[in-house]
Every structure is written in C-alpha cells, then in structure tokens.
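Participant: Pasting a structure here, questions to come.
The values are calculated or read from the model by the stated rules, or taken from the named source; none is laboratory data. Not measured: the values here are computed from a predicted model. Here the Cβ is made from the backbone with ideal geometry for all residues, glycine too, and neighbour counts use every protein chain on show.
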Amino acid sequence: MSDFTNRTFDEIDVDATVSVSRTLTATDVEALALAAGDVEGFHIEGGSIGDRLSAQGAAAIALIAGLLNRRLPGPGSAIVGSNFRYSGACHVGDTLTATVTAARKHDEGHRIEFACRCVNQGGDVLVDGVATVAAPTHRIAYANLATPEIILRRNDGFAKLFKRCEALPPITCAVVHPCDRDSLLGALEAARRGLIVPILVGPEARIRVVARAESVDLAPYQIVGVEHSHAAAEKAVEMARAGNVEALMKGSLHTDELMGSVVPSASGLRTARRISHVFVLDVPTYPRLLMVTDAAINLYPTLEDKVDICQNAIDLAHILGIAKPKVAILSAVETINPKIPGTLDAAALCKMADRGQITGALLDGPLAFDNAVSVEAARTKSIRSAVAGEADILLVPDLEAGNMLAKQLQYLAGADAAGIVCGTRVPVVLTSRADNVRTRLASAAVLKLVAHDRREKLLGKP
C-alpha cells in the first residue's frame, strides 16, 4: 500500500528530478507484450515467455509514465505529447532505472517538458527523449493506493506442450467439414505450425468458397469431397479405421453429428474403454495444467462409466508428462453422504484405486472444488490428503457440472482450454466456434502428442 501526493505546476522547479528502478520479471514482460498487442495465439511458446520483449522500449516507457503519473507531477497529470528515441531490448532479470527531470515550464496550459531517460543495469540507454505533461494546479492525494498485482499465467503449461511437439513430425489429421472461417483457418494454422498434415473432408465447393474469402491457397492440401456434414463425419471415421489418418478434428458440424459416426461399435472408433472427453485447461492463477472430465460426452455416468472416464484422463495425463497425476473426485461436499450419490461413487473409486482397478494416479474424494484446488481451503477444513489443493485431474459427477465448471474457468478465470476425446482408436478434437487461435492450436498439440504415443505403442516402443 502507498500514499501518492502530487506536486502542482507552481511547486515544480526546473531541474526537479525523480528516479525509480525495477527488476523485470516474466510477468512484467508478458503484461507489457500483451498491452503492446505483441502476443497472438501461438506467440508465447516453448518457454520463451519472459525471455524477451519484442516491443522495444515498452518496459522503459511504462516506468517513465509511472513516474510522471504517480510521482512527478503525480496524480492529476496528463501526458499530452512525447518524443522518444529507442535502442536496445529488455529481458527478464534486467534492472531498469528511469529518471524524469523538469526541463522547461510553460504557463499556457500549465505544461512542463520533462527530460526522460531509462537505462539498464549496464548503463545502456534504452529510451531517452522528452515528454510534455499538463501538470495539476491543485493538490490531489491518493491515500493507501494499492498497486494491483497483475494476474497472468504462472506456468504457461501450453507452451511446454508446444515445445514438446517441435521435436515430433506432424500427424495426418482429417478435418471434418471445415466449412467456415474459424475451422478452416484454425486447421491450416496448425499445419503451418507443424502440428498436423490436414486432409480437408467436406463439400469441396463450400471449402473453396471460404478459402477464397480469406485469400487462402488450398493447393498444398488434400481435399476429400463429400456432399454434406453427415457424410463428412462418416468418411473421416472410415479413413481413420483404414489407417489413412491418425486423428480427427471437428470442423463446422455439430459435435453430436461427428460423435454419431465415432461411437458405433461396428463402424465407429470404439475401443474396450468407454469414450470420454477431457478438457485440458491452462488456468492463469493455477500453477499446473488442470484437466476436467467428463464435460462433453457422458451425461450421467454410472460408477462403471467413471472408472473408464478416470483411467482415460490418467492415461492422457501420462502422455502430457504428468508421471503420477492427482485425481480429485468432485462433489458438493468432502464427506460421504448417502443422499448425494456422487460422494458414494467417489468413495468407491478411491477404494478401486487401492485395489488396483484404477492405476497410475493418486485418487481422493469426495472433495469440494475449493478443497481440490486450494491447499489453504483443504487445511482450513482439516483435510489431510496428497491430492487436496494440488489436483491435476478433476473428475466431475456429471456432464452438466463439468461443462459449467470448464466454461466458468474459461470465461471468468481466463483459462485457455484444449479438448480431446479419449477411449477411441484415434484421438478426436472437438473444437468450438468460440475457440480462439491459441485454444485451437493447443488442442492440436494435445492431439499430436496422443497420436504419437499411439504410434509408438503400435510399434512396440516402451
């Protein structure tokens, strides 16, 4: 908490000066890059977040603006003009020192010209020049003004997935009915990033109309023409069964239409496992990837269904690099209550894990959501658990609860969410029309890792 009291135009003498120093963190760099509009869906990748700030001078300008707006002249000021020269670049760990000095005063409009300069720890000049400020004419004090903490990503889990994908060749993927802008461009962007080799399955004339409207060249890509979306789903599944593609990606058709072709035992892509869906969420305020299952396919799963849903998510976690995932089985309460069936299922699943019927993870439940993701909440309720507060996987009681939870994390907590169907012969991505570029690419990255894991298993690799 800080107090900020301004200095009025009349109180500021020529040569009045003030300085501030700050060591840049990864959060600072990401915040400035985002503010500069320098981050698109795939920009922060492979751990490079925080290694550089391509919008040169943004950090220095932020420090200078902070000095003028908070210190000299302070609250009530308005920066009305600037002329800066830029050189060098900023990196995480650099210590920047910004200085502003009153150089000239102009009575008209209460303008003051400030000489501004920012250097790094080695004395290299990053920014210098002049800012013209309309100084306040009366006293303004901000008492106990909190400097808000910027809440951005703690770990950028998707960047780690993108980095792993760089070492792997792209996988052949049938893009089912890519007949709108987002589904077509999302697939082609995934291709450009080396995640997939897309085969576009759908009405060719409609696909080409979208491509022309977006000035996209389809010459490098194979198109499998069919009459309509239902035929596209059937053809894509047929191609997967024949081994012609290693994955499916939903385009502009409805989810139930695609899954209607995936689910049948005789003609679809079923395995011995029940088919389920997993959201892989990168929540800005959570220090690890968070998986939610099942929020898209199984409406009201039985205990038997939940065994497969749980194991599917555990196996996916292993593929994503989580050696011993922690599974929190969610309910409204953390105690077993015969009147709440989900708590009984949770208790049974934990005991089944003890007996080796579910493997490869630590399970605990029932756990309320707060106890699953907050160590402090679990401690307050005296819950002693290796899972509580540190969950990697949230197993929800039914689709309604899971879908609401996943969307709340996306729209209220700013989470990016990849989604994938498990328990099928090949991985299937169910994109949404509301997905942004980063989400579509993250889903393709998960798809690629799962497809490569399946390929290695077929080749007999450990």
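Participant: Residues L248, L281, L320, L299: which one is in contact with a helix residue (DSSP H, G or I) (Cβ under 9 Å, 6 or more places away or on another chain), outside the structural domain of V387 (by TED's automatic domain parsing), touching a residue at least 60 places away in the same chain (Cβ under 8 Å) and aliphatic (A, V, I, L, M)?
Facilitator: L248
Participant: For the range 157-186, how many residues meet the condition of being among the small types (G, A, S) and either in contact with a Ser or Thr (Cβ under 9 Å, 6 or more places away or on another chain) or on the phi > 0 side of the Ramachandran plot (or both)?
Facilitator: 3
Participant: Please state which of the following conditions V387 fails to meet, knowing it meets all the rest: (1) more than 25 Å from D305 (Cα to Cα); (2) in contact (Cβ under 8 Å) with a residue 12 or more places away in the chain.
Facilitator: All conditions pass for V387, except number (1).
Participant: Still on this structure: Pick from the range 315-352 the residues that are polar (S, T, N, Q) and assigned to a loop (DSSP other than H, G, I, E, B): which of them is surrounded by the most Cβ atoms within 10 Å (Cβ to Cβ)?
Facilitator: Out of the qualifying residues, it is S331.
Participant: Could I ask something else about it? For G129, state whether it is assigned by TED's automatic domain parsing to the domain that holds A16, loosely packed, with under 14 Cβ neighbours inside 10 Å and under 18 Å from V20 (Cβ atoms).
Facilitator: Numbers: assigned by TED's automatic domain parsing to the domain that holds A16: yes; loosely packed, with under 14 Cβ neighbours inside 10 Å: no; under 18 Å from V20 (Cβ atoms): yes.
Here the answer is no, as G129 does not meet what is asked.
Participant: Is there a residue being of a type in the set (A, V, I, L, M, F, W, C) and over 30 Å from V375 (Cβ atoms) anywhere in the range 296-308?
Facilitator: Yes, because at least one residue in the range 296-308 is of a type in the set (A, V, I, L, M, F, W, C) and over 30 Å from V375 (Cβ atoms).
Participant: For V280, indicate whether it is modelled with pLDDT of 90 or more and part of a strand (DSSP E or B).
Facilitator: So V280 fits the description; yes.
Participant: Could you tell me how many of the residues in the range 61-115 are of a type in the set (D, E) and outside any loop (DSSP other than H, G, I, E, B)?
Facilitator: Final tally of qualifying residues: 2.
Participant: While we're on this one: Among all residue pairs at least 6 apart or on different chains, which show Cβ distances below 6 Å where the first residue, located in the range 66-91, is in the same structural domain as R22 (by TED's automatic domain parsing) and the second is among the β-branched types (V, I, T) and not in a strand (DSSP E or B)?
Facilitator: Between residues of the range 66-91 that are in the same structural domain as R22 (by TED's automatic domain parsing) and residues that are among the β-branched types (V, I, T) and not in a strand (DSSP E or B), the close pairs are P75/I140; G76/I140.
Participant: Only one of I207, I309 is among the β-branched types (V, I, T), in a helix (DSSP H, G or I), touching a Pro at 6+ places or on another chain (Cβ under 7 Å) and within 23 Å of A191 (Cβ to Cβ). Can you tell me which? Outline the logic, then answer.
Facilitator: Working: I309 fails: within 23 Å of A191 (Cβ to Cβ).
It is I207.
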